[in-house]
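Presented below is the structure to which this report refers.
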Amino acid sequence: ATVMRAVRDAGFEVGIHCHNHYRWQDHLARMSSAEVAAEFGAARDEFRRIFGTEARAAGAAGWQSNAHSRAAYDAAGLLYASDSRGAGPHFPRVGGRVFRTLELPTTLPTFDELMGRLEFPDAAIPGHCCALLREDRLNVFTLHAEIEGMGRPDLFRAFLDGCRARGVEFVRLDEAARDLLAAPE
């Protein structure tokens, strides 16, 4: 908890990933609405215990999402979620129902999705990710602390250097969400 609060206090955004990674990633599709609400509720309780406030964002384990999870987000009053892969912000629609929690999808591949592929030796990964950046949309990169942060920090540093060289402006997703929600349609 101390380390997590220190990250927040250093200016980084914090949100809910999940309570039980395995349960969410591998079993969400078979969970009832009540089970999803309980699982997300446990994550919210832990977030409040650690940070002393409600979470305003969520990013699901394994990009697993369904109507039950979206309903839980709406009930929690989240500012946004980042549970999908896609091209741009939207309000998710599942089974004809449009949910109120803004979705900011991951738009770039994660490093671990590229690692081990013959066409992407480690040294090519940062440049490839930079080449996928688009000026006409919000680019969202999902970082895994165990890969980019601890396992391959040199690759992540090279990616950040490439972004800076391209003049990329780094923004927190909560700021992007607020701007998007405040913009006239």
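The values are calculated or read from the model by the stated rules, or taken from the named source; none is laboratory data. Note that the structure is a prediction, hence the values are computed from the model and not measured. When we count neighbours, we look across all protein chains shown, and the Cβ atoms used for this are built from the backbone with ideal geometry, even at glycine. Heavy atoms of the whole protein, side chains included, go into the accessibility calculation; ligands, DNA and RNA do not. Shrake-Rupley method; radii C 1.70, N 1.55, O 1.52, S 1.80 Å.
Based on what the data block shows, is Glu54 among the acidic types (Asp, Glu), more than 15 Å from the chain's Cα centre (by Cα) and closer than 20 Å to Glu13 by Cβ? Criteria met by Glu54. Of the residues examined, Gly41 is not one that is open to solvent by less than 30 Å² (accessible area, probe 1.4 Å) and modelled with pLDDT under 95.
Counting only helices (runs of 4 or more DSSP H) wholly contained in the range 1-66, the ones carrying 3 or more residues that are of a type in the set (A, V, I, L, M, F, W, C) occupy 2-9, 33-51.
Say whether the condition of being on the phi > 0 side of the Ramachandran plot and touching a strand residue (DSSP E or B) at 6+ places or on another chain (Cβ under 8 Å) is met by at least one residue in the range 65-76. No: the range 65-76 contains no residue that is on the phi > 0 side of the Ramachandran plot and touching a strand residue (DSSP E or B) at 6+ places or on another chain (Cβ under 8 Å). Taken together, the residues in the range 119-151 that are farther than 16 Å from Leu104 by Cα, open to solvent by less than 50 Å² (accessible area, probe 1.4 Å) and of a type outside the set (Gly, Ala, Ser) amount to 8. Residue count for the range 124-154 under the criterion of being modelled with pLDDT of 95 or more and not in a loop (DSSP other than H, G, I, E, B): the result is 8. Scanning the range 89-147 for residues that are among the β-branched types (Val, Ile, Thr) and out of contact with any Ser or Thr (no Cβ under 6 Å at 6 or more places or on another chain) yields Val94, Val98, Thr101, Thr107, Ile125, Ile147. Residue count for the range 44-65, restricted to those that are surrounded by fewer than 14 Cβ atoms within 10 Å (Cβ to Cβ) and in contact with a Pro (Cβ under 9 Å, 6 or more places away or on another chain): 0. Within the range 67-83, being in contact with a Pro (Cβ under 9 Å, 6 or more places away or on another chain), touching a residue at least 40 places away in the same chain (Cβ under 8 Å) and assigned to a loop (DSSP other than H, G, I, E, B) holds for one residue alone: Ser82. Each residue in the range 84-118 was checked for being in a loop (DSSP other than H, G, I, E, B), among the hydrophobic types (A, V, I, L, M, F, W, C) and open to solvent by 10 Å² or more (accessible area, probe 1.4 Å), and 4 pass.
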